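The values are calculated or read from the model by the stated rules, or taken from the named source; none is laboratory data. Since this is a predicted model, take the numbers as computed values, not measurements. Note that we place each Cβ from the backbone using ideal geometry, even for glycine, and neighbour counts take in every protein chain shown.
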Amino acid sequence: MTRFADLKKISREPARRLLALANARLGTPLDAPASAPVGEVLAELAEKGAHADMLRLLAAALPARECVWWGCLAASDMIPEGGRVPPPLAAARAWVFKPTDENRATARRALEVSDPDDDTSLCANAVVMCDGKLGTGDMAKLEAPAGALGTFIFAMNVISLGSVDADKMIPHAERLIDRALDIARGGSGRLDSATAAEGITP
């Protein structure tokens, strides 16, 4: 199986259409036709070493729950082993495991009390806007910015990428991408875990 095959969680719609719907744009000119699916475009971007555009495309293409989980893994990169999990990240994880309106509201409350410099708030923001609305209840009547969820999760991965030393950035970028690909194939994204094939549910 090639690296970009069997991405069963990702739509077969053209990658350019998914990017347009997510209000996202690649910086790398593409040779692939406008009808090319995500896997084909990812393969071209990989050949061109366009890691940032690969992250951007994956953030636009993954379904909401899978995308948030990918962001949660990136956020976890910056928490020392045994360290405290910030409330926004804990709330985002809880929504992934049980995507209810109640857990979505919990994510919003976590944002209200989070530290201003807490980058994991990106994950909770993605949860709040997971369906293209600004939240639940009265907020469900208001449209979120187009592609907000993917933008938040792309940013979370970029922050994770920037947290490593310069000589480790390319290997870490590949790891971030491989997590998303594993999730897109139905895995957990936990590449070192013995339970990596079990999916994102507990």
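Under 9 Å between Cβ atoms, which residue pairs at least 6 apart in sequence (or on different chains) link something in the range 159-176 that is under 18 Å from residue 189 (Cβ atoms) with a partner that is among the polar types (S, T, N, Q)?
Close Cβ pairs (under 9 Å, with a partner that is among the polar types (S, T, N, Q)) amount to 160/76; 172/160; 172/163; 173/157; 176/157; 176/160.
Need at least 1 residues that are acidic (Asp, Glu) per element, so show me which helices (runs of 4 or more DSSP H) inside the range 98-202 make the cut, counting only ones lying wholly within it.
Working: elements: 101-113, 121-128, 148-162, 169-184.
Of the helices (runs of 4 or more DSSP H) lying wholly inside the range 98-202, those with at least 1 residues that are acidic (Asp, Glu) span 101-113, 169-184.
Can you confirm whether the range 35-43 contains a residue that is surrounded by 15 or more Cβ atoms within 10 Å (Cβ to Cβ), touching a Gly at 6+ places or on another chain (Cβ under 8 Å), at pLDDT 95 or above and not polar (S, T, N, Q)? Talk me through it step by step, then tell me what you get.
Going residue by residue through the range 35-43, those that are surrounded by 15 or more Cβ atoms within 10 Å (Cβ to Cβ) are 36-43.
Those left that are additionally touching a Gly at 6+ places or on another chain (Cβ under 8 Å): none.
Looking through the range 35-43, none of the residues is surrounded by 15 or more Cβ atoms within 10 Å (Cβ to Cβ), touching a Gly at 6+ places or on another chain (Cβ under 8 Å), at pLDDT 95 or above and not polar (S, T, N, Q).
Each row is one residue, and each column tells you yes or no for (1) within 18 Å of residue 118 (Cβ to Cβ); (2) touching a Leu at 6+ places or on another chain (Cβ under 9 Å).
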position	(1), (2)
26	no, yes
68	yes, yes
72	yes, yes
75	yes, yes
81	no, no
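Suppose we filter the range 73-95 for residues that are part of a helix (DSSP H, G or I) and either modelled with pLDDT under 95 or farther than 21 Å from residue 38 by Cβ (or both); how many remain?
Pass one, the range 73-95, residues part of a helix (DSSP H, G or I): 73-76, 87-95.
Filter once more, so that each one left must be either modelled with pLDDT under 95 or farther than 21 Å from residue 38 by Cβ (or both): 75-76, 87-95.
So the answer is 11.
Do we find that residue 93 is touching a residue at least 60 places away in the same chain (Cβ under 8 Å), of a type in the set (D, E, K, R) and closer than 30 Å to residue 6 by Cβ in this structure? Give the steps one after another, and end with the answer.
Details: touching a residue at least 60 places away in the same chain (Cβ under 8 Å): no; of a type in the set (D, E, K, R): yes; closer than 30 Å to residue 6 by Cβ: yes.
Judged against the criteria, residue 93 is not a match.
Which count do you get for residues in the range 161-183 that are crowded, with 20+ Cβ neighbours inside 10 Å and under 18 Å from residue 50 (Cβ atoms)?
Selection size over the range 161-183: 7.
With respect to residue 54, is the statement that it is touching a residue at least 60 places away in the same chain (Cβ under 8 Å) and assigned to a loop (DSSP other than H, G, I, E, B) true?
On the way: touching a residue at least 60 places away in the same chain (Cβ under 8 Å): yes; assigned to a loop (DSSP other than H, G, I, E, B): no.
The answer is no for residue 54.
Would you confirm whether any residue within the range 83-102 is over 24 Å from residue 57 (Cβ atoms), of a type in the set (Ser, Thr, Tyr) and surrounded by fewer than 17 Cβ atoms within 10 Å (Cβ to Cβ)?
Yes, the range 83-102 contains at least one residue that is over 24 Å from residue 57 (Cβ atoms), of a type in the set (Ser, Thr, Tyr) and surrounded by fewer than 17 Cβ atoms within 10 Å (Cβ to Cβ).
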